[in-house]
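Here the structure is laid out as C-alpha cells; the discussion comes afterwards.
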Amino acid sequence: MVKAIRDVPNMIMDLFLPSMLSSPEHKMSDIIDIFKGMSFSLDHLFGELMNFDFDKVGYHFELPFFVFHGDRDIITPTVTAKEYYDKIEAPYKEFVLIRNAGHLACFARSEQFLEELIKRVRPLTADAANLSHKR
C-alpha cells in the first residue's frame, strides 16, 4: 500500500489495524465489525458532513476553545481549520499543530498530543477548580 503522505501514519493501516491485530481482547470479527461500522457511518453521515454549515452553529463560545490539528491533515486541510478558528470568539482560544500527523493526530502522535493538553488545557482546568473552591 502506498502512503498518502510520507512520514505520517495512515489511520487504518498504521494505527487501527495493527492495534487490533495485536490486541488479545479483539477477534477478527471485531475488525470486520469496525469496518462495517465505518461504512455505515459514511453512508449515513457523508451528506450531512458535505453540507455542514458552520454559520448555523455559530462562532461564539463562552468557554475556552482549542483546535489540536495534524499539520499534514488531508481530510481537513490545515488552512480550512485555521480559517474556521480565526472566526471563533471565545474567552480563550488556541490553535495547536501536531507535527507530522494527519487527521487523527491524537492517535498518530499521542505523546505530543498529551504534552499539548497538559501544557495548554490543564492550567485552565486547575484555574477553574481553584475558583470553584473559593466560592
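A short reminder: the numbers here are calculations on the coordinates, not readings from a lab. From a predicted model like this one, the values you see are computed outputs, not experimental measurements. Cβ: placed from backbone, ideal geometry, glycine included. Neighbour counts: every protein chain shown.
Figures for the structure shown
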| item | result |
| --- | --- |
| Filtered residue count, segment 59-96, keeping only those that are surrounded by fewer than 15 Cβ atoms within 10 Å (Cβ to Cβ) and either touching a residue at least 40 places away in the same chain (Cβ under 8 Å) or in contact with a Cys (Cβ under 7 Å, 6 or more places away or on another chain) (or both) | 1 |
| Unique match (being closer than 16 Å to PHE107 by Cβ and among the hydrophobic types (A, V, I, L, M, F, W, C)) among PHE35, PHE40, PHE16 | PHE16 |
| Options ARG99, ARG109; residue that is surrounded by fewer than 17 Cβ atoms within 10 Å (Cβ to Cβ) and over 23 Å from LEU49 (Cβ atoms) | ARG99 |
| Options ASP33, ASP43, ASP53, ASP7: the member that is charged (D, E, K, R) and within 23 Å of ARG99 (Cβ to Cβ) | ASP7 |
